[in-house]
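K.L.:
Structure provided below as structure tokens; questions to follow.
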Amino acid sequence: MSKIIFSPIPDQICFLPILILVLFFKLFAAAPDPIVPNTALHLAESLSQDSLRKHLFTLADDSMMGRATGTRGAEMAAHYIQDCFRRYGLKSPDNISNYLQPIPMHGSLPLADSRLRLYLENTVHDFELADDYLLYRTGAQTYIGTAVPMVFAGYGINAPEFDYNDYQSIDVTGKIVVCLSGEPESNDSTYFSGCYPTIYSLPETKHRMAISRGALGTILIASTPEYEKDKWNRWKREFTFEDVTLSYTVAGQLSIVMSLQSAELLFHDAFYSLNEILSMVKHHRIKSFPLPHRISFKGEFIERDFISSNVIGIIEGNNPELRDSFLIITAHYDHLGIGPEIEGDPIYNGAFDNAAGVAGLLEIARIFSQNSQFLQRSVIFMAVTGEEKGLLGSKYYLDHPAVPLYKTVANINIDGLAIFEKFNDIIGIGAELSTLEEYLQQSAELLGLRFMTPPNIVVAMEAFSRSDQLAFAQAGIPSLLIMEGMHCKETNIRESFVRMQRWLNNIYHTPQDDLNQEMNLDASYQHLQVIAVTVFLLSDSTIQPEWKSGISYKNVQLQNLAEKR
Ligand SMILES: [Zn+2]
């Protein structure tokens, strides 16, 4: 989640004139229309749990083969969604035929005989793909034919705002940058956000920093808890799936994550051993220095080009002044597909990641289409492809939007629905960043729920940057992911945490996220009602949602407006 900086309020400001202005607006500009709550509740009650179940059981069925991007299963899902949009009477956008937005993509699957070779004094050492290292980037452009030097660059971070720079004393031009995962430890919220990870700890950020300084590639040492030995197998599994990029994105250079045990060899004969460096970390005395040996990489890949589609439908609003402004509701329909077997099952069905979300999107589309007379603004429904591959479908859409971005007032993304139990409160992932927060608070109130600020465990998950809402935010569109809260009818907050953590550890991104798992569709239905009411309140509001001051996405929103793009 991008950092939120609120500027402190200076004492000398005189409040009175401002206060009168605010009161005036509160009284006259946004006088609530009493019909709205009833309509909102009417729509919420019109949602059908049976219909939700039917979509879920269709999309998460084994016959869809886990809906991996660019596979037969995903194509079947796209046609199922297209057919629903047609049956529900949604319009295909003017610049898109038959609801399908085709996206050229490139797939690359690394093969075991790829060779990462370390040149020691008198011998060479070949690292094993998957056991020793994993590839963040694949494809021919990762090739490093002649052995090149390596340099150790601490965490691989340059953060001027924290007066921190691992690149101060080293030149990485034409070399491979080796760095630790994570970022400097801190309990001070003004330094690297204290206990919460910042954007600097993202492998992608470190890779870009190294490449922008002339490096040929990066090796990230898996030195932080999420990479511990028992978790390495989970990473191995995640990396067995095909690496997919948008065909028009520039292919990236070598980007590797290496297990801690294997990385020790990179420091053979070096100034410091890896163990010495890890103890320096504890005392915040990490150093950057050249490594004595060279490395080369010759990757073997199965590569292919293919088309995958976003599925897009529109319901037009009725208000002549508002119908030319659009809300966009998204849910990704892709998942991981067929992969390493667990308990004899190779199909990664993605029932709650995210067949449930797409089922919800379809059910809201059905109800809104039947009740379109109540809609002021127009609503776009988009089932997104390529989310699991790096938000590819939403990024492509934002480069090729069905309607101009400045006319797109907000994005509500659905990724997963509540699965355990009916709940008493609701969380808005990203709500604190914009005025979308107010709409969620209103719908919570309408549905007798409490609005809860994201608890630390959710903040630590960086939930905002893990699904399509991030792409919309980066394009300047206020976006939100609505999540069920932690206080449930029968279960207290602590038990809820444990239950959610267990699901994330044992079911998420495994074949067991399927229709055989225990699921409480009353909770999913309740969750869907909150989403539907929030979307309706937004479609009915004459006020355009805005990013809060100090939020970096605001500049992009203003630019969209200024350039009418
Ligand atoms: Zn997902």
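The values are calculated or read from the model by the stated rules, or taken from the named source; none is laboratory data. What you are looking at is a predicted structure, and each value in this text was computed from that prediction instead of being measured. Heads up, the Cβs are rebuilt from the backbone with ideal geometry, glycines too, and the neighbour counts pull from every protein chain shown. SASA here: full protein model, heavy atoms, side chains in, ligands and nucleic acids out. Shrake-Rupley method; radii C 1.70, N 1.55, O 1.52, S 1.80 Å.
K.L.:
Straight-line reach from Lys206: which lysines fall under 30 Å, measuring Cα to Cα and dropping same-chain residues less than 8 apart?
P.N.:
Of all the lysines, those that pass the test against Lys206 - Cα under 30 Å, at least 8 places apart if same chain - are Lys3, Lys175, Lys229, Lys231, Lys236, Lys282, Lys287, Lys298, Lys389, Lys395, Lys548, Lys554.
K.L.:
Could you tally the net charge around Glu276, taking each other residue with its Cβ under 14 Å from the Cβ of Glu276, Lys/Arg +1 and Asp/Glu -1? Working shown, then result.
P.N.:
Details: positive: Lys282, Arg285, Lys287; negative: Glu264, Asp269.
It works out to a net charge of +1.
K.L.:
Between the range 151-209 and the range 234-309, how far is it from one alpha carbon centroid to the other, in angstrom?
P.N.:
Each part's Cα centre sits 15 Å from the other's.
K.L.:
May I ask for the angle, rounded to the nearest 10°, between helix 72-88 and the longest principal axis of the chain, with both axes built from Cα atoms and the value confined to 0 to 90°?
P.N.:
Long axis of 72-88 versus the principal axis of the chain: about 10 degrees.
K.L.:
Hey, what does the equivalent ellipsoid look like for the chain, semi-axes from the Cα gyration tensor as sqrt of 5 times each eigenvalue, largest first, whole Å?
P.N.:
On the way: eigenvalues 356, 162, 99 Å².
So the three semi-axes of the chain are 42, 28, 22 Å.
K.L.:
Before rounding to the nearest 500, sum -39500 (n - 2.57) across all DSSP H runs of length at least 4 in the chain and divide by the residue total; then give [θ] at 222 nm in deg cm²/dmol. Show your work: numbers first, answer last.
P.N.:
Details: 16 runs with 171 residues, N = 565.
So the helix-based figure for the chain works out to -9000 deg cm²/dmol.
K.L.:
Alpha carbon centre of the range 537-565 versus the range 408-428: separation in Å?
P.N.:
22 Å
K.L.:
Okay, next question. Just how many % of Cα pairs in the range 438-557 lie over 24 Å apart, if you round to the nearest whole percent? Could the numbers behind the result be given before it?
P.N.:
Details: 2640 of 7140 pairs.
For the range 438-557, the fraction of Cα-Cα distances above 24 Å is 37 percent.
K.L.:
With Kirkwood's inverse mean 1/r over C-alpha pairs for Rh, give me the Rg to Rh ratio of the range 269-407, two decimals please. Write out the running numbers ahead of the final one.
P.N.:
Details: Rg = 24.4 Å, Rh = 19.9 Å.
Across the range 269-407, the Cα-based Rg/Rh ratio is 1.23.
K.L.:
Then there's this: For the range 471-511, list residues with backbone N below 17 Å from a point placed 7 Å from the Cα of Glu421 toward its Cβ?
P.N.:
484-504
K.L.:
Find how many whole Å separate the alpha carbon centroid of the range 310-338 from the alpha carbon centroid of the range 73-139.
P.N.:
Value for the Cα centre distance between the two parts: 24 Å.
K.L.:
Put a dot 7 Å past each Cα toward the Cβ at Arg234 and Glu185; how far apart are the dots in nm?
P.N.:
2.1 nm
K.L.:
Tell me the accessible surface of Ile543 in square angstrom (1.4 angstrom probe, heavy atoms of protein chains only), to the nearest ten.
P.N.:
90 Å²
K.L.:
While we're here: So how much slack lies between Ala147 and Glu438, counting 0.36 nm per residue of separation and subtracting their Cα-Cα distance, in nm?
P.N.:
On the way: separation 291, 0.36 × 291 = 104.76 nm, distance 5.69 nm.
Computed gain between Ala147 and Glu438 is 99.1 nm.
K.L.:
Cα to Cα, under 17 Å, and not fewer than 8 places away if on the same chain: which aspartates and glutamates meet these conditions relative to Lys407?
P.N.:
Output for Lys407: Asp94, Glu316, Glu321, Asp324, Asp399, Asp540, Glu546, Glu563.
K.L.:
Place a point 7 Å from the Cα of Glu204 along the Cα-to-Cβ direction; which residues of the range 448-490 have their backbone N under 15 Å from it?
P.N.:
From the range 448-490, the list is 462-476.
K.L.:
Still on this model: May I ask you to give the solvent-accessible area per residue for the chain, in square angstrom, as obtained with a 1.4 angstrom probe? Please report the intermediate quantities before stating the final value.
P.N.:
Values: 24910 Å² over 565 residues.
In whole numbers, the chain has 44 Å² accessible per residue.
K.L.:
Could you give the size of the charge dipole of the chain about its Cα centre, using +1 on the Cβ of each K and R and -1 on the Cβ of each D and E, expressed in debye and rounded to the nearest 20?
P.N.:
960 debye
K.L.:
Hey, with R₀ at 60 Å, roughly what FRET efficiency would Glu121 and Ile493 work out to, going by the Cβ-Cβ distance, to 0.05?
P.N.:
Working: r = 57 Å, r/R0 = 0.96.
E(calc), rounded to 0.05, equals 0.55.
K.L.:
Going by average Cβ neighbours within 10 Å, how do the peptides 305-314, 185-194, 515-524, 200-209 rank, with the highest at the top? Write down the numbers at each step before the final one.
P.N.:
Details: 305-314: 22.0, 185-194: 13.4, 515-524: 15.7, 200-209: 18.6.
Put in order of decreasing packing, that is 305-314, 200-209, 515-524, 185-194.
K.L.:
So how far apart, in nm, are the two label points at Lys54 and Leu265 if each is 7 Å from Cα heading toward Cβ?
P.N.:
5.8 nm
K.L.:
Take the Cα pairs of the range 232-348, get the Kirkwood Rh, then feed it into Stokes-Einstein at 10 °C and 1.306 mPa s and tell me D in µm²/s. Don't skip to the end; give the middle numbers.
P.N.:
Numbers: Rh = 20.5 Å.
Calculated translational D: 77 µm²/s.
K.L.:
For the chain, give the percent of accessible area contributed by carbon and sulfur heavy atoms, probe 1.4 Å, rounded to a whole number.
P.N.:
55 percent
K.L.:
Sticking with this one: Tell me the accessible surface of Thr146 in square angstrom (1.4 angstrom probe, heavy atoms of protein chains only), to the nearest ten.
P.N.:
The accessible area of Thr146 comes to roughly 110 Å².
K.L.:
Pull up the DSSP beta bridges for the range 112-299 and report the antiparallel fraction as a percent, rounded to 5. Working shown, then result.
P.N.:
Numbers: 21 of 36 bridges.
Antiparallel bridges make up about 60 percent of those DSSP assigns within the range 112-299.
K.L.:
Moving on. Taking a quarter of the surface of the convex hull around the Cα atoms of the range 381-426, what do you get in nm²? Don't skip to the end; give the middle numbers.
P.N.:
Values: hull surface 19.2 nm².
Mean orientational projected area (the range 381-426, Cα hull): 4.8 nm².
K.L.:
At 1.4 Å probe size, what's the solvent-accessible area of Ile211? Round to the nearest 10 Å².
P.N.:
40 Å²
K.L.:
Report, as a whole number in µm² per second, the diffusion coefficient that Stokes-Einstein gives for the range 123-257 at 20 °C and 1.002 mPa s using the Kirkwood radius over alpha carbon pairs. The partial results should precede the final answer.
P.N.:
Numbers: Rh = 16.0 Å.
Rounded to a whole number, D works out at 134 µm²/s.
K.L.:
Can I ask one more? Which one of Asn187, Leu135, Phe162 is farthest out on the positive end of the charge dipole of the range 112-204, using unit charges on Cβ (Lys, Arg +1; Asp, Glu -1) and the Cα centre as origin?
P.N.:
Highest projection toward the positive end goes to Leu135.
K.L.:
Here is a follow-up. Could you give the nm distance between label points at Glu546 and Lys564, where each point is 7 Å from its Cα heading toward the beta carbon?
P.N.:
Going from the Glu546 label point to the Lys564 one covers 2.2 nm.
K.L.:
So if I take the alpha carbon set of the range 192-294, get Rg, then get Rh from the Kirkwood formula, what is the Rg over Rh ratio?
P.N.:
Details: Rg = 15.4 Å, Rh = 15.9 Å.
Result for the range 192-294 is an Rg/Rh of 0.97.
K.L.:
Once a ≥ b ≥ c are taken as the square roots of the eigenvalues of the Cα gyration tensor of the range 328-453, is the result rounded (a/c under 1.5), prolate (a/b larger than b/c) or oblate (a/b not larger than b/c)?
P.N.:
Oblate is the answer for the range 328-453, as a/c is 1.5 or above yet b/c matches or exceeds a/b.
K.L.:
Please compute, over every Cα-Cα pair in the range 511-565, the percentage with a separation greater than 18 angstrom. List each step's numbers first, then the result.
P.N.:
Details: 937 of 1485 pairs.
So the portion of pairs separated by more than 18 Å is 63 percent.
K.L.:
Treating the Cα atoms of the range 269-308 as identical point scatterers in vacuum, please give the log10 of the normalised Debye intensity I(q)/I(0) at q = 0.31 Å⁻¹, two decimals.
P.N.:
At q = 0.31 Å⁻¹ the computed log10 ratios are -1.06.
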